[in-house]
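Shown next, in structure tokens, is the structure this report addresses.
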Amino acid sequence: MAERTENLIHIESLTKVFYTDEIETHALSGVHLSIARGEYVAMSGPSGCGKSTLLSILGLLDTPTDGKYTLNNKAVANLNFADRSRIRNQEIGFIFQSFNLIGDLSVYENVELPLTYRSGMAASERKDRVVKALERVNMAHRLRHYPAQLSGGQQQRVAVARALAGSPSILLADEPTGNLDSKNGEAVMRLLNELHAEGSTICMVTHDPRFAAHADRQVHLFDGKIVAEGELQHLLAAAEEEYRTGYSAAR
């Protein structure tokens with residue numbers, strides 16, 4: 001496990017409000033979070049609690065309404081679109097539940113694609129990075145295949161290789177086992193564990209407590225706020241009781 005000497009990510013008082021038809025939805029309400037370099041963090045909580053919104057902001061796919069976000073000692077909360085895209089390409093590797101592979105590109109081309117946006121990177125370096133990333137996830141023998149020719153577990157391994165090829169500062173995984181059966185899900189989790197042991201910083205959203213237990217630290221969200229595990233269980237129980245009471249009254 002990598003030695004942790006500093007925070008790679010630090011956010012303070014982060015909020016995110018969505019406005020639709022004059023309705024305000026507070027997806028995040030004053031979130032504070034730090035992730036150390038080399039740490040493995042799992043984020044969990046009920047549907048609609050803000051997990052994916054927070055991960056999108058961490059990955060510079062979205063911007064906060066308010067608050068501070070520092071990534072690798074850079075203030076990134078209020079960057080323009082071009083700067084966010086550049087830093088995202090250089091610093092962040094994404095692993096999505098739905099794999100997000102492009103069907104008419106080969107395995108090799110899918111992994112290479114993000115690297116083609118790296119200014120000044122030679123084709124020879126791209127090739128070296130792609131082959132090494134595919135070798136790391138045991139998929140180099142399938143580099144000429146297309147996503148439709150692969151199983152779900154193999155597609156997710158290719159997605160991990162695509163994330164690794166850019167040598168990112170952090171891997172962000174959004175329900176990486178959500179579209180996999182239990183066997184392939186466990187295989188992907190073993191791969192993430194190995195990457196973490198080799199020094200990767202990982203932040204994973206998962207609804208499965210078995211997989212969350214693989215992480216160094218678990219962060220629990222409820223109604224857009226980070227809460228302690230005991231508090232989360234209390235809030236979930238209270239919400240369920242309120243629903244049952246309301247349902248009985250409606251009948």
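The values are calculated or read from the model by the stated rules, or taken from the named source; none is laboratory data. Model, not experiment: these values are computed from the prediction. Quick reminder, even Gly has a Cβ in these numbers, built from the backbone with ideal geometry, and neighbours come from all protein chains shown. Remember, those area values only see protein heavy atoms, side chains included, never the ligands or the DNA or RNA. Shrake-Rupley method; radii C 1.70, N 1.55, O 1.52, S 1.80 Å.
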Answer yes if at least one residue in the range 132-144 is open to solvent by 60 Å² or more (accessible area, probe 1.4 Å), more than 17 Å from the chain's Cα centre (by Cα), basic (Lys, Arg) and within 30 Å of ALA215 (Cα to Cα), and no otherwise.
yes
Can you find, within the range 95-111, the residue that is nearest to ALA165 (Cα to Cα) among those that are touching a residue at least 24 places away in the same chain (Cβ under 8 Å) and more than 20 Å from the chain's Cα centre (by Cα)?
TYR108
Selection count where residues are open to solvent by less than 80 Å² (accessible area, probe 1.4 Å), farther than 18 Å from ALA215 by Cβ and not small (Gly, Ala, Ser), scope the range 32-59:
3
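For HIS10, state whether it is under 21 Å from ILE92 (Cα atoms) and loosely packed, with under 14 Cβ neighbours inside 10 Å. Spell out the reasoning first.
On the way: under 21 Å from ILE92 (Cα atoms): yes; loosely packed, with under 14 Cβ neighbours inside 10 Å: no.
So HIS10 does not fit the description; no.
Tell me, yes or no, whether the range 233-244 has at least one residue that is modelled with pLDDT of 90 or more and either of a type in the set (A, V, I, L, M, F, W, C) or assigned to a strand (DSSP E or B) (or both). Step through it out loud before you land on a result.
Start the filter on the range 233-244 by keeping residues that are modelled with pLDDT of 90 or more, which leaves none.
No - not one qualifying residue is present in the range 233-244.
Among the residues of the range 60-70, count how many are of a type in the set (A, V, I, L, M, F, W, C) and either modelled with pLDDT of 95 or more or open to solvent by less than 30 Å² (accessible area, probe 1.4 Å) (or both).
Initial filter on the range 60-70 (of a type in the set (A, V, I, L, M, F, W, C)): 60-61.
Then drop every residue that is not either modelled with pLDDT of 95 or more or open to solvent by less than 30 Å² (accessible area, probe 1.4 Å) (or both), which leaves 60.
Adding up the residues that qualify gives 1.
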Inside the range 91-113, can you point out the residues that are open to solvent by less than 20 Å² (accessible area, probe 1.4 Å) and in contact with a Gly (Cβ under 7 Å, 6 or more places away or on another chain)?
ILE92, GLY93
